[in-house]
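S.K.: Take this structure first; my questions come after.
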Amino acid sequence: MKALISDIHANFEALSCVCNDIESQGVDDIMCLGDIVGYGPDPEACVDMVMSKASVSLMGNHDFALVYGPTGFNPIAAEAIRFTQDKMAPSLAERTSEDILPKINYFPCACRDTTPPCLVLERTVPARWDFIETLARTHAQDRAVFVHGSVLDPISEYVFPDTYAGTWETGRLQSMFEKTDWLIFCGHTHLPCIITSNLRCIFPGSVNYRFRLDPAEKYIINIGSVGQPRDRDNRSCYLLYDQTGQTVEWRRVPYDIDTVVKKIETTCGVDNWCGERLRMGR
């Protein structure tokens with residue numbers, strides 16, 4: 001069984017609670033579908049945890065913007081990227097350093113009162129940067145394709161559910177389904193749902209958060225957001241994919257939102273709206 005995470009957005013409290021929940025689910029593998037950074041206050045800790053936990057990590061649009069600049073971003077998102085660049089971009093001296101070995105560090109975890117708290121491998125600045133810079137755009141495995149955005153534009157295209165998109169480009173959706181034998185897993189919209197090849201839209205709440213897949217049908221499956229949910233549920237969201245049982249299950253995990261909001265309010269360069277929206281799940 002795989003755990004699929006996406007859209008962490010530098011929210012370490014959310015990510016650490018999700019990783020704790022994953023540990024309790026009998027998961028064989030963790031995959032990250034992008035946007036590790038952006039919006040939130042703890043990009044380094046989140047990158048470190050993804051590097052240590054995920055077997056496959058893909059590039060999201062905020063990860064891309066970190067390396068190449070926030071072209072086309074709204075002012076708040078661009079401001080957050082510039083804040084992240086200031087924290088994470090290596091100097092020339094760091095880029096040429098031979099010191100790339102990780103060191104052990106402990107980060108506080110707000111969701112579990114254990115000692116020690118969540119263990120994270122703290123990488124060097126160049127190691128983190130190289131990891132982000134070399135993230136893959138897509139990953140294919142068995143009858144599934146994994147992307148951040150869409151199979152037609154893996155980094156930037158939003159595949160919205162019907163109630164959010166206004167009108168669907170049905171031809172565009174059909175072109176996406178032609179690119180897979182069965183499943184497309186994505187993130188980017190922060191809105192968990194399934195779009196079927198006969199253009200039905202299924203929301204997690206309507207199927208009690210668990211759905212059995214039909215091998216004869218094709219699906220685009222949005223796994224939701226770990227660090228910035230936007231479906232009016234402020235709990236973290238991730239997906240369990242059981243290849244043997246042919247099911248998907250969305251998991252909702254509460255975390256200490258107040259701590260993240262306080263971090264954002266006291267972090268120069270990140271707009272307070274990035275924190276307030278976490279309370280509302282939007």
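The values are calculated or read from the model by the stated rules, or taken from the named source; none is laboratory data. Here the structure is a predicted model, which means the values were calculated and not measured. With ideal geometry, Cβ positions are generated from the backbone for all residues, glycine too; neighbour counts draw on all protein chains shown. Accessible surface is based on the protein model in full, side chains and every heavy atom, while ligands, DNA and RNA are left aside. Shrake-Rupley method; radii C 1.70, N 1.55, O 1.52, S 1.80 Å.
S.K.: Can you tell me how many residues in the stretch 52-79 are assigned to a helix (DSSP H, G or I), more than 15 Å from Gly269 (Cα to Cα) and not hydroxyl-bearing (Ser, Thr, Tyr)?
M.R.: 7
S.K.: Moving on to the next point. For the stretch 172-205: of the residues being of a type in the set (Ser, Thr, Tyr) and not in a loop (DSSP other than H, G, I, E, B), which is nearest to Pro70 (Cα to Cα)?
M.R.: The residue in question is Ser175.
S.K.: Quick check on the stretch 59-82. Is at least one of its residues at pLDDT 95 or above, in contact with a strand residue (DSSP E or B) (Cβ under 8 Å, 6 or more places away or on another chain) and closer than 30 Å to Arg172 by Cα?
M.R.: Yes, because at least one residue in the stretch 59-82 is at pLDDT 95 or above, in contact with a strand residue (DSSP E or B) (Cβ under 8 Å, 6 or more places away or on another chain) and closer than 30 Å to Arg172 by Cα.
S.K.: Among the residues of the stretch 155-184, write down those that are open to solvent by less than 30 Å² (accessible area, probe 1.4 Å) and within 19 Å of Asp35 (Cα to Cα).
M.R.: Ile155, Val159, Ile184
Matching residues to (1) free of Cβ contacts under 8 Å to residues at least 40 places away in the same chain; (2) more than 24 Å from Ser236 (Cβ to Cβ):
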{"position": "Phe160", "(1), (2)": "yes, no"}
{"position": "Glu169", "(1), (2)": "yes, yes"}
{"position": "Leu173", "(1), (2)": "no, yes"}
{"position": "Phe185", "(1), (2)": "no, no"}
{"position": "Ile195", "(1), (2)": "yes, no"}
{"position": "Leu199", "(1), (2)": "yes, yes"}
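S.K.: Condition (residue is in a helix (DSSP H, G or I), of a type in the set (A, V, I, L, M, F, W, C) and either under 27 Å from Asp231 (Cβ atoms) or at pLDDT below 95 (or both)) applied to the stretch 164-171: is it met by at least one residue? If you could, list the steps in order and put the result at the bottom.
M.R.: Within the stretch 164-171, the subset in a helix (DSSP H, G or I) is 164-165, 170-171.
Still in the list and also of a type in the set (A, V, I, L, M, F, W, C): 165.
Remaining after also requiring either under 27 Å from Asp231 (Cβ atoms) or at pLDDT below 95 (or both): 165.
Yes; the residues of the stretch 164-171 include at least one that is in a helix (DSSP H, G or I), of a type in the set (A, V, I, L, M, F, W, C) and either under 27 Å from Asp231 (Cβ atoms) or at pLDDT below 95 (or both).
S.K.: Follow-up. Is there a residue being modelled with pLDDT under 70 and open to solvent by 60 Å² or more (accessible area, probe 1.4 Å) anywhere in the stretch 116-131?
M.R.: yes
S.K.: Only one of Arg230, Arg210, Arg200 is farther than 24 Å from Thr180 by Cβ, open to solvent by 40 Å² or more (accessible area, probe 1.4 Å) and either touching a Pro at 6+ places or on another chain (Cβ under 6 Å) or basic (Lys, Arg) (or both). Can you tell me which? Walk me through it before giving the result.
M.R.: Details: Arg210 fails: farther than 24 Å from Thr180 by Cβ; Arg200 fails: farther than 24 Å from Thr180 by Cβ.
Of Arg230, Arg210, Arg200, the one residue that is farther than 24 Å from Thr180 by Cβ, open to solvent by 40 Å² or more (accessible area, probe 1.4 Å) and either touching a Pro at 6+ places or on another chain (Cβ under 6 Å) or basic (Lys, Arg) (or both) is Arg230.
S.K.: One residue is enough: does the stretch 253-276 have a residue meeting the conditions in contact with a strand residue (DSSP E or B) (Cβ under 9 Å, 6 or more places away or on another chain) and surrounded by 14 or more Cβ atoms within 10 Å (Cβ to Cβ)?
M.R.: yes
S.K.: While we're looking at this one, here's another question. Which residues, counting only those in the stretch 186-201, are touching a strand residue (DSSP E or B) at 6+ places or on another chain (Cβ under 9 Å) and of a type in the set (S, T, N, Q)?
M.R.: Scanning the stretch 186-201 gives Thr189, Thr196, Ser197.
S.K.: So which residues in the stretch 54-80 are surrounded by 23 or more Cβ atoms within 10 Å (Cβ to Cβ) and in contact with a helix residue (DSSP H, G or I) (Cβ under 7 Å, 6 or more places away or on another chain)?
M.R.: Listed by number, the residues that qualify are Ser57, His62, Asp63, Ala65, Leu66, Ala80.
S.K.: Looking at (1) over 16 Å from Leu278 (Cβ atoms); (2) acidic (Asp, Glu); (3) modelled with pLDDT of 95 or more, which is the only condition Asp28 fails?
M.R.: Unmet condition: (3).
The rows are residues; the columns are (1) without any contact (Cβ under 8 Å) to a residue 60 or more places away in the chain; (2) hydroxyl-bearing (Ser, Thr, Tyr); (3) open to solvent by 10 Å² or more (accessible area, probe 1.4 Å); (4) out of contact with any Lys or Arg (no Cβ under 7 Å at 6 or more places or on another chain).
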| position | (1), (2), (3), (4) |
| --- | --- |
| Leu4 | no, no, no, yes |
| Asp7 | no, no, no, yes |
| Phe12 | no, no, no, yes |
| Cys17 | no, no, no, yes |
| Asn20 | no, no, yes, no |
| Ile36 | no, no, no, yes |
| Asp48 | no, no, no, no |
| Ser52 | no, yes, yes, yes |
